[in-house]
Every structure is written in structure tokens, then in C-alpha cells.
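Presented below is the structure to which this report refers.
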Amino acid sequence: MIDMNMWNFKKLIKKASISYLIPSISLELRGKDIISTSISPDNNAIVFLKCKDNIITDESNDGIDLNFFDISTNLKPYLDLIKDENVKIDITENKLIIKDSEKKKFSIFFCSKDFTNRFSGPDRSDKHEYFYNSVISKDFINKMNDIKKIALKFGKIYFVCKNGKFFMEATDKTNPFCNNVNVEIDKVDNKDLDISMCFDFKNLSYIINTLDEIENFKLKCTYLPEAEAGMILFQSENEVEKYFITSKKE
């Protein structure tokens, strides 16, 4: 059996699934790296991870795939029972065997990669031009929390650019008589940019809740006029974590 850092493994599961928004995930252990690319069931949220392997210290971990199905019921409840930071594990062809210091033994079966929410497309984040690119501030989070209850009511939130200013807006723009609240986030260089992008608020909240040390992340926004669609990227400064959310049409 080999050693696993269970605390880091739990953190990795949270990141790879965007706080369990994504039900089934695939983790690829490739030498000293762990790679995971997943997409939410509604196809609006995507995560790209390529981080250093702080899970398994054994050098023979090259080429291991860990595929888990319906992790909120088939994985998380079992991991929650493990309090140890380090445990002993054995990886077989079809399951992960875990033993902790309290002499509990867990057998967690894998699924086929085809049954996971793995995203097979490439990371094209470097191909986009971003009209907004800034480190996430506590002020941004506070402003989002201010309008959270209203955004939850409608299940969506708008990011709006107008007159060189960048806003968050909570309302329902399909109803011309709907109450609304907007809050200015920042200024943008392009004073001619006049756009409104609608995002699923639940997905956005899950991404925000996934980010550790949020001040180490950048908020980057782009808009594709030909598709009338926008995208927000939450990217760690070292670029090992990237969380995308795409706008939706109403």
C-alpha cells in the first residue's frame, strides 16, 4: 500500500467538481502532475486543473486514472468519515482501497471515464481578448454578497458594460417591469463597449465558493459579438486552476 494525503485529496475533489456542482469527475495522475478537466451538466461551467501532485507521494503513480461517478453520494460521504491527514491506499483496476488509523477500510469503486463529466476540448483561454482583467478584490466579493439574495430570486446575474463602467445587475430582463439593482464593479478601458451578459447565478456561486485564497485569482471577461455570448474566467495567478462560466441566452 502507498501513502495518500487525504486532506489534499478532499481539496482536489472540491476543485475538480467545482464544489460538487459537477457530479462525476476524472483525475489523471501523470508523473508529478494531476490533470482534471470537467464540465457542468448544463455545459455552462468548465474547470481546467493542472496542479502538482500533493496527493500521492509514491513515484510510481505515473499513468493512474481515478474516475468517480456521482461523487456527492458515492464518494463524499465516505471521505467525510476519514479524519486522518495521511492514510494508506491501494489502487486496483476497479477500485480505491483506503485504510485509516481507526482501522476503517473503504472500498470505493471507479467508473469508466466515459461516464464522467470530463471535458475533452482544449483550453483556449489564451486565444481570447479580455475587456476586463483584474485581481479579484474583497470589494468585488462584498458587492456580490450584497445582491446575492436578489440574484438567487431570479437564478441569474447580469454583467453589464456601459459608458466605460462595469456593473453587476440582479433582475430579470425578460420582464420589462421587473425591479432591479445594479452595482458598479470597476471601470473598463473601452468606453464604447455596450453589452449585457446573463449568467446562471448558481454556477457562479459554486465557482466563487471553490476558490481558495481568492485574492490570488484574476477575474477575466470576454465577449464574442458574433455569438452574442460572453465568458468569465477565474484564473489563479500561477494558472494551474481555471474556472470558466459562459453566458446564457434568455
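In a residue-by-residue description of the range 36-44, the property of being in contact (Cβ under 8 Å) with a residue 12 or more places away in the chain, buried (at least 21 other Cβ atoms within 10 Å of the Cβ) and in contact with a Phe, Trp or Tyr (Cβ under 7 Å, 6 or more places away or on another chain) applies to at least one position.
Give the range 228-250 a look and list any residue that's more than 14 Å from ILE157 (Cβ to Cβ) and not in a strand (DSSP E or B), or say none. Scanning the range 228-250 gives GLU228, GLU237, ASN238, GLU239, VAL240, LYS249. Is it true that LYS191 is among the basic types (Lys, Arg), touching a strand residue (DSSP E or B) at 6+ places or on another chain (Cβ under 8 Å) and not assigned by TED's automatic domain parsing to the domain that holds LYS50? Answer is no for this residue. Restricting the range 152-183 to residues that are touching a helix residue (DSSP H, G or I) at 6+ places or on another chain (Cβ under 7 Å) and among the charged types (D, E, K, R), the residue that is surrounded by the fewest Cβ atoms within 10 Å (Cβ to Cβ) is ASP172.
Against the definition (acidic (Asp, Glu), within 25 Å of THR210 (Cα to Cα) and in contact with a helix residue (DSSP H, G or I) (Cβ under 6 Å, 6 or more places away or on another chain)), how does GLU28 come out, yes or no? Before you say what the answer is, go through the steps one by one.
Working: acidic (Asp, Glu): yes; within 25 Å of THR210 (Cα to Cα): yes; in contact with a helix residue (DSSP H, G or I) (Cβ under 6 Å, 6 or more places away or on another chain): no.
So GLU28 does not fit the description; no.
The values are calculated or read from the model by the stated rules, or taken from the named source; none is laboratory data. Everything numeric in this text was worked out from a predicted model, so none of it was measured. Positions of Cβ are generated from backbone atoms using ideal geometry, with glycine treated the same way; all protein chains shown enter the neighbour counts.
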